[in-house]
Structures are given as structure tokens and as C-alpha cells.
Ligand code: UGA
């Protein structure tokens with residue numbers, strides 16, 4: 001059944017959601033205050049790189065079921081309104097900046113009375129601190145017929161269309177589960193998602209705060225998993241172990257699972273970094289800051305991986321002043337042109353700050369990189385050109401074309417065959433055989449050592465535990481490698 005709906009805020013999440021809803025057969029109008037973005041979308045031009053998005057955008061526009069506007073008055077008759085606004089990190093701290101969301105709800109509240117009290121559902125999709133939905137629901141309470149439901153989005157960039165149309169679960173946060181108002185809201189959203197629900201996607205109904213916390217916890221868990229393996233990387237570097245061996249073996253335990261255990265330069269993007277910080281800030285506000293204090297460490301491990309790449313560059317080149325370094329990748333991950341908090345760009349800036357002449361290449365993200373970095377580093381779209389004459393190559397975004405680089409051919413382009421694999425996607429042995437000096441994060445610099453200095457035979461006293469504890473039997477002690 002067709003529903004007339006709006007999507008307010010057509011950034012990454014909202015634009016994909018709008019086109020996906022049109023794909024499901026609904027009449028959709030997308031709104032944004034950014035007129036340039038709206039003109040591009042209306043002309044079928046995606047404002048970002050996302051596989052499959054352009055096709056559903058154009059299909060929606062051609063069918064007449066998808067339109068875009070900057071005017072709230074055009075939304076007045078929609079039965080369902082999705083809120084897809086960004087909630088970036090506040091300029092003055094860790095918390096989430098909810099100003100776009102607040103402004104959108106205020107504007108929407110002006111046009112909702114045009115429905116004359118007919119049932120209207122406002123659906124929040126943005127990532128927000130626990131408690132936000134309840135506050136927004138109070139603001140909408142005076143509008144007769146309007147309900148608010150919180151339905152967090154779990155899409156991954158690079159898989160956004162697939163994740164929207166075929167999600168692994170749908171979470172519905174309601175004011176008070178099992179009340180008539182909640183059931184009315186759930187039924188309305190079920191109608192919108194009917195074709196998704198037919199595919200048996202699990203649908204979980206819970207209170208507002210639980211739904212908000214599902215999203216925050218999911219991203220915090222993913223970030224923690226990445227930082228966990230990156231912390232293990234530091235141990236691997238200190239002991240001469242290979243983190244990819246450790247990750248493969250622990251990932252085979254079903255309870256741990258192998259996903260998000262790819263050690264490397266760590267997480268970035270518009271979500272994980274700011275979401276863990278907002279989660280910590282929210283915990284502080286609720287008086288339970290200590291509970292999420294470990295996320296500070298998750299953030300710190302992530303940060304240290306970036307520093308480590310610069311250290312490795314120093315170990316390989318000595319003084320970096322005026323040395324030519326090529327960074328492969330600008331996007332925060334492959335199949336995206338998003339450079340928000342990109343580890344690759346951050347490392348490129350740090351190398352530049354250390355005096356190196358840095359060239360960055362990327363198949364999709366150079367425009368965004370240019371906007372972010374200005375003239376700080378050289379941007380070169382052609383991989384061969386970027387590599388020509390370089391003294392050190394640093395792979396920081398694992399695009400297929402970089403994973404598949406031929407070490408022999410690449411060696412013929414560069415000035416010196418030195419590589420830092422910041423994503424552990426190259427086979428060191430193969431590169432070494434082709435004459436490269438290759439260093440990776442969490443892996444010994446050469447196949448069989450040299451190992452770092454072995455720790456002393458006596459283990460350091462535990463920080464907790466009994467002072468008079470008897471010495472552990474020798475076989476249980478840390479042995480020098
Ligand atoms: C993340 C979540 O995965 C989505 O579920 C969520 O909906 C989204 O944030 C959001 O809140 O909107 P996304 O930011 O697209 O999605 O990226 P991820 O695939 O989670 O990757 C994040 C970063 O972690 C990337 O920089 C990636 O390179 C890095 N990563 C990922 C690792 O370093 N190691 C891994 O094993 C996995």
C-alpha cells in the first residue's frame with residue numbers, strides 16, 4: 001500500500017532512505033535546507049558516492065514517486081515524516097549537536113496542523129542521545145493526531161542501499177509500548193515497511209530510550225571491537241606476533257566472530273568517532289560517566305594507531321623533512337567518498353606537519369579531501385602518477401585497486417620500494433620478495449624477527465592482587481621470546 005511520506009534532511013542517511021522508500025512504492029518528498037543539494041538530487045545527481053544509489057534515485061525521479069524541495073509547506077499532506085538530520089559532534093565538547101534536529105521538528109510542527117488531526121507519524125532516524133525522543137515527543141504533543149516513533153538506522157556507507165532495503169533488524173522506539181498510541185504508530189510504520197517485513201526482517205518494539213541506546217551501543221560495540229584488536233596489535237608489535245594470526249584464530253570462536261577484527265589504522269567516518277564521544281557525554285549527563293569511561297580508551301587506542309603510522313614512517317625514512325610520501329586512500333573506508341574524520345587524511349596531515357611532501361590519491365574522495373585540506377597536500381587522481389618518484393608509500397584505505405597492486409610493477413614507478421600497509425591487506429612476503437621494505441600495523445617488520453627487546457624474566461608485579469602472593473610457577477610466567 002502506498003503511503004505519502006517525507007524525509008527531512010537528505011544527507012547520506014536521508015537521501016538513501018528517500019530513494020529507497022520510493023523504490024518500495026511510496027510517494028516520497030525529500031526536504032533539505034541546502035538548496036544546492038536539493039537541485040542536484042532533483043536532477044538525479046548523487047551528492048556522494050554510494051554504490052547503487054544513483055540507480056534508485058533516478059528510478060524514483062523517473063517514476064514521479066520521488067521529489068525534492070526546500071519548502072516545508074510542500075510536506076503538509078504527508079502521512080509519515082522521517083527525520084534524517086545529522087547530529088554531529090558539538091564544537092564545544094563531546095556531546096551531539098542536536099540543533100538541526102530541533103530546528104526541523106520546530107518547522108515541521110508548523111505544517112502538521114494542515115492534516116486537520118488525521119493520524120500522522122513522525123519517525124526519528126538520526127543517532128541521538130537517550131532522552132531526545134521523549135523531549136521531541138513533548139514538543140509534538142500539542143499537534144492533534146501526531147505520534148513520534150524512534151527508528152534508528154544501521155546502514156553502513158558502501159552498503160547503504162542494501163542495508164536500507166534489506167536490514168538485519170528494525171527497531172521501533174515508542175512512547176510507551178503496548179498503549180493504543182504506540183500500536184497506532186507501530187501499525188503506520190509497518191505499513192511503510194510492509195515489503196521489508198514480508199522478507200521476515202525481525203522487528204523489535206521497545207521504549208524510546210532503549211531504541212536510542214540500541215544505536216549508540218551498536219556503534220560503541222563496533223568501535224570497541226576495532227580498538228580491541230588494535231590494542232592487541234600494540235602487543236603484537238611489542239612481542240613480535242602477527243595480529244592477523246591472532247584475529248583469525250579468535251574470530252573462529254562463534255562468540256567472538258571474525259567481523260570488525262581487521263587491525264589497522266582504525267576507525268573514522270561520520271559515525272563511530274562522534275557516536276562514542278556523544279555516548280560518553282550522555283553517560284556523564286545521566287550521572288553514570290564511569291560506566292562508559294572505557295570508551296575514552298577505545299578512542300585513545302584508535303588515535304595511537306594514527307600516530308604509529310607516522311612513527312613507522314620516521315623509522316623507515318629518518319627525518320621526514322622534504323621526503324616524498326604517497327598516501328593511498330583519502331576516504332575513511334573503501335566504496336565511499338566520505339572523508340569525515342578519515343584516518344587516511346589525518347595521517348597525511350601529520351606526515352605533512354612532520355615536514356614531508358605528501359601526495360594523496362583516491363579513486364573517489366579527492367574532491368572532499370581537497371575541501372577538507374585545502375592546499376596542504378598534493379592530490380593526484382591517477383595512482384601511477386601519485387606513486388611516481390615517491391620514497392615511501394602508505395596504504396591507508398583498502399580500495400581494491402590498492403589491494404591488487406602488483407609489487408614488481410609498482411616498484412618500477414617509485415623512487416624507493418618502501419611500503420607501510422596501514423590496513424593489513426598486502427601479503428608482506430610477496431612484497432618482500434619483490435624487493436620492498438614493508439611494515440604493517442601489528443605485524444613484525446620481518447618474517448622472523450628481529451624481535452623487540454624481550455621483557456625481563458621476572459614478571460612485573462600485578463597492579464592489583466595480594467602483595468604476598470607466592471611467585472607463579474615458571475611455566476605460567478611470561479617467557480622471553
Ligand atoms: C557505521 C556502522 O557500521 C553502521 O552500522 C551505522 O549505521 C553507521 O556507522 C552509522 O551510525 O550511521 P560506517 O560509518 O559506514 O557505519 O562504517 P563502518 O563500516 O562501521 O566502518 C567504520 C570505520 O571502521 C572505517 O574507518 C573502517 O575502515 C574501520 N574498520 C572497520 C576497521 O578499522 N576495522 C574493521 O574491522 C572494521
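Values quoted throughout were computed directly from the atomic coordinates according to the rules given, and no laboratory measurement underlies them. Predicted model only: the values in this text are computed from it and were never measured. Note: ideal-geometry Cβ built from the backbone for every residue, glycine included; neighbour counts use all protein chains shown.
Here are some notes:
- Separation of the range 1-60 from the range 63-84 is 10 Å, based on Cα centroids.
- For the chain, the longest principal axis of the Cα atoms and the long axis of helix 180-192 meet at an angle of about 70 degrees.
- Packing here is the average count of other Cβ atoms within 10 Å per residue, and on that basis the peptides 258-266, 19-27, 433-441, 290-298, highest first, run 19-27, 258-266, 433-441, 290-298.
- Across all directions, the average projected area of the convex hull around the alpha carbons of the chain is 26.6 nm².
- The mean sequence separation of alpha-carbon pairs under 8 Å and at least six residues apart, normalised by the residue count of the chain, gives a relative contact order of 11 percent.
- Beta bridges assigned by DSSP with both partners in the range 4-201 are antiparallel in approximately 10 percent of cases.
- Using only the C-alpha atoms, the convex hull of the range 248-300 corresponds to 103 Å³ per residue.
- Descending semi-axes in whole angstrom, ellipsoid equivalent of the range 4-201, from the Cα gyration tensor: 23, 19, 18
- All Cα-Cα distances of the range 243-440, cut into 5 Å bins from zero to the largest, leave 1, 8, 15, 18, 19, 16, 10, 7, 4, 2, 1, 0 percent in each bin in turn.
- Fully extended contour minus Cα-Cα distance, from residue 43 to residue 198, at 0.36 nm per residue: 52.6 nm
- Euclidean distance of C-alpha centroids, the range 121-138 and the range 142-191, integer Å: 11 Å
- Two-site FRET efficiency, residue 33 against residue 2, from Cβ-Cβ distance with R₀ of 30 Å, rounded to 0.05: 0.65
- The relative contact order of the range 243-440 comes to 19 percent, based on Cα pairs under 8 Å that sit 6 or more residues apart.
- Summarising the strand pairing of the chain, around 5 percent of its internal DSSP beta bridges are antiparallel.
- Here's the picture: a label point sits 7 Å out from the Cα of residue 168 along the beta-carbon direction, and within the range 242-259 the residues with their amide nitrogen under 12 Å of it are 257-259.
- Relative contact order for the range 140-193, counting Cα pairs under 8 Å that sit 6 or more residues apart, in percent: 34 percent
- Distance from the C-alpha centroid of the range 397-447 to that of the range 271-331: 23 Å, rounded to the whole angstrom.
- CD proxy at 222 nm, helix term only [per DSSP H run n ≥ 4: -39500 (n - 2.57); per residue of the chain; nearest 500]: -12500 deg cm²/dmol
- Rounded to 10°, Cα long-axis angle of helix 343-353 versus longest principal axis of the chain: 50 degrees
- Highest mean packing comes first when the peptides 346-353, 62-69 are listed by Cβ atoms within 10 Å, giving 346-353, 62-69.
- Folded to 0 to 90 degrees: helix 294-317 orientation relative to the chain principal axis, Cα: 40 degrees
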